[in-house]
1. Just to verify a result, which residue in region 156-166, among those that are charged (D, E, K, R) and more than 9 Å from Leu207 (Cβ to Cβ), is surrounded by the fewest Cβ atoms within 10 Å (Cβ to Cβ)?
2. Conditions: (1) touching a strand residue (DSSP E or B) at 6+ places or on another chain (Cβ under 8 Å); (2) outside the structural domain of Arg51 (by TED's automatic domain parsing). Val153 meets all but one. Number of the miss?
3. Go through region 130-149 residue by residue and tally those that are modelled with pLDDT of 95 or more and either outside any loop (DSSP other than H, G, I, E, B) or not assigned by TED's automatic domain parsing to the domain that holds Pro90 (or both).
4. Residues Ala255, Ala238: which one is within 30 Å of Glu29 (Cα to Cα) and free of Cβ contacts under 8 Å to residues at least 60 places away in the same chain?
5. Go over the candidates Leu179, Leu184 one by one and state the one that is within 27 Å of Trp235 (Cα to Cα) and part of a loop (DSSP other than H, G, I, E, B).
6. Kindly provide the set of residues from region 181-215 that are of a type in the set (S, T, N, Q) and closer than 19 Å to Phe164 by Cα, ordered by number.
7. List the pairs whose first member sits in region 64-82 and is in the same structural domain as Ser131 (by TED's automatic domain parsing) and within 23 Å of Asp147 (Cβ to Cβ), whose second member is in a helix (DSSP H, G or I) and not β-branched (Val, Ile, Thr), and whose Cβ atoms are under 7 Å apart, counting only residues at least 6 apart or on separate chains?
8. Sort through Glu202, Glu227 and tell me the only one that's at negative phi, acidic (Asp, Glu) and loosely packed, with under 15 Cβ neighbours inside 10 Å.
Amino acid sequence: MTTDVRPGEVAAVVCALGTARPEHSVANEDIAPGLGVTPDWIARRTGIHRRVRAAVGVSTADLAIEAAAHALAQRPALNVDALVLATITPDRRCPATAPDVAARLGLAGIPAFDVAAACAGLLYGLQIASSLIRSATHRTVLVIAADRIPSLVDPGDRTTAPLFGDGAAALLVRAGRPLEHGALGPVVLGSDGRHADTVTVEHDGFLAMRGAEMFQHAVTHLASGAEQALIAAGWSLACVDRFIPHQANTRITDAVARRLGLDEHRVLDRIADTGNTSAASIPLALSAALAEGRVRPGQRLLLSAAGAGLTWGATTLLCPDHVPPAVVARTAAHPTLEETR
């Protein structure tokens, strides 16, 4: 499924990006002995050297609020009309986590709901935001991706334990024009429930994954989704400045780049120090690259994600303007994590 944006039409524009990056880092050396492997074994198979973990007692909502507070403080004059939270680790089975997040941000009363599309959740959220904005029913939508996947992982499972980290990112999306910095292109989405058991959470509460099978599905759908998004946007691969895939595994990223014919310097791989942060991985990678000057406002970005479900999604993005963290003031209207507990 795609949504077409034509020149002159209203487009969804990412105008602020906030993140929540837990400070606790778990190195390969910390987990390798319990898995019966070496730190190098983990690094060679995943590209991960350490993963970030939230402190005990920090919830998905806490991470979402911290990321959202950073984004909202960058554009304090905008009024948020709706909130979409992409997560597969909600704080409760019922009710959804999004209304709690909205209320704690001082946004009680707006529509707020969860979207469960695993690692492709951000793309699903951006599609919803784009549709709401282009239908003229909403002008500003806060899209948050937040997950605590390590809470679902058996620490003795060498297939999953080395992979995942905690994190959240929030994108403030407003009505704008297609050629603005931050403008989203058409969003391509898909799913295939015939392979739903490739990645599941079993009755014991632990995540189970058939690694080799998921590898093949991820490579296929990350690449095909990216190609479809380029066609929908009217872009060629040659004009893409940076490809930012879901940060699942360096071997997956490398395989997708080869399939697309992308040279290494145009592919953003940030997984080494964060681990797989699920739906938040693309904006977390983008935020870090902006801060380091590895991407610049206005550059043409290609985003693609795939995950459990199976679900996948892709889009194009004109890189949004970067607001340095030093000038982002946290205000009472957009509280810090500590203030909302």
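1. Once the filter is applied, the top-ranked residue is Arg158.
2. Just one mismatch for Val153, condition (2).
3. Of the residues in region 130-149, 13 are modelled with pLDDT of 95 or more and either outside any loop (DSSP other than H, G, I, E, B) or not assigned by TED's automatic domain parsing to the domain that holds Pro90 (or both).
4. Exactly one residue qualifies, and that residue is Ala255.
5. Exactly one residue qualifies, and that residue is Leu179.
6. Residues satisfying the conditions are Thr198, Thr200.
7. Once the first residue is in the same structural domain as Ser131 (by TED's automatic domain parsing) and within 23 Å of Asp147 (Cβ to Cβ) and sits in region 64-82, its partners that are in a helix (DSSP H, G or I) and not β-branched (Val, Ile, Thr) give Ile65/Arg104; Ile65/Leu337; Glu66/Leu337; Ala82/Leu132.
8. Glu202
The values are calculated or read from the model by the stated rules, or taken from the named source; none is laboratory data. Since the structure is predicted, the reported quantities are computational estimates derived from the model, not experimental observations. Every residue, glycine among them, receives a Cβ derived from its backbone with ideal geometry; neighbour counts consider all protein chains shown.
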